[in-house]
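Right, one structure below, let's go through it.
Just so you know, all these numbers are worked out from the coordinates, no wet-lab data involved. Because the structure is a prediction, the values reported are computed rather than measured. For neighbour counting, all protein chains shown are included, and Cβ atoms are generated from backbone atoms with ideal geometry for every residue, glycine included.
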Amino acid sequence: MDSGAPNRLYARVAEALKARICKGEFAVGQRMPAERVLAVEYEVSRPTIREALFALEIGGFVEVRVGSGVYVLANAGTQESEGADMGPFEILEARRLIEGEVCAIAAARITKEQIEELQRLLIQIDHSGDGNLMRSEEADRRFHILIAEATQNSALVNAVEALWDARERSPEYRLMADKAHAAGVVPIVDEHAAIVQALLSRNPAMARDAMHQHLGRVLDSILVATEVHEVELAKKRVAAQRRKFVSVG
């Protein structure tokens, strides 16, 4: 990776993989190595590999076949695979860290009027009623930014808004969100209600924990929803189990 390569870790991995595809190391139609193999090879986490694959998918270099794996689609993509300024899992990790502390500070400073507005937003976040996902997502953003505003610290408000703005302009995040929504991952009203209850308690530790649990669940759900299950690996596991039972018998 030369000095002109992007600074973001997932983007550097995406560029390295793209270069290998362009050189023919991974041929068109060939399945890419599994995430865990690439993670070991590049000494990064599996979420970083997944971010890199999202970038390649957007660039037209690979396609994800559900239940099979990631396959090389072309050795010359339609777009740059570099993507936005932050990777989707980077954004989620940062949100969990920053918004957890923001929620703790807000617990001591939030007003009655802000609590009431959060409670009204819970009704809009609830996706189970009319299935209006766009309304739910918009209310979700307002919910989190309102908590930041409750800190009465403009720097924290700007930090939270910047993370939400980065999420919205990231093509990788949009792709990830589409896959997650298709798998049934949507804002959960009960988790947001637990955050409101913690803020009502005026307990910073409880508020921090409620936000951590919420965003941790979001991260875990998206990781599961975007997992690529490879048929051959599944077959090998089944075959190994069968051999085990046969040997026992």
I'd like to know which of A207, A225, L118 lies farthest towards the positive end of the charge dipole of segment 88-225, counting +1 on Cβ of Lys and Arg and -1 on Cβ of Asp and Glu. A207
So, with +1 on the Cβ of K and R and -1 on the Cβ of D and E, and no other charges, what is the size of the charge dipole of segment 9-72 about its Cα centre, to the nearest 20 debye? 80 debye
How much length would be gained if the chain were fully extended between N158 and C22, taking 0.36 nm per residue of separation minus their Cα-Cα distance, in nm to one decimal? 44.9 nm
Could you work out how far apart the two model spin labels at V66 and E117 are, taking each label as a point 7 Å from the Cα in the direction of the beta carbon, and quote it in nm? 3.9 nm
Based on the Cβ-Cβ distance of A108 and D165, what FRET efficiency does E = 1/(1 + (r/R0)^6) give at R0 = 30 Å, to the nearest 0.05? 0.65
Please state the shape class of segment 150-196: rounded when a/c is under 1.5, otherwise prolate if a/b exceeds b/c and oblate if not, all from the C-alpha gyration tensor. oblate
Determine, at each q value in 0.12, 0.21, 0.29 (inverse angstroms), the log₁₀ of I(q)/I(0) that the Debye formula gives when each Cα of segment 9-72 is one equal point scatterer. -0.24, -0.78, -1.50
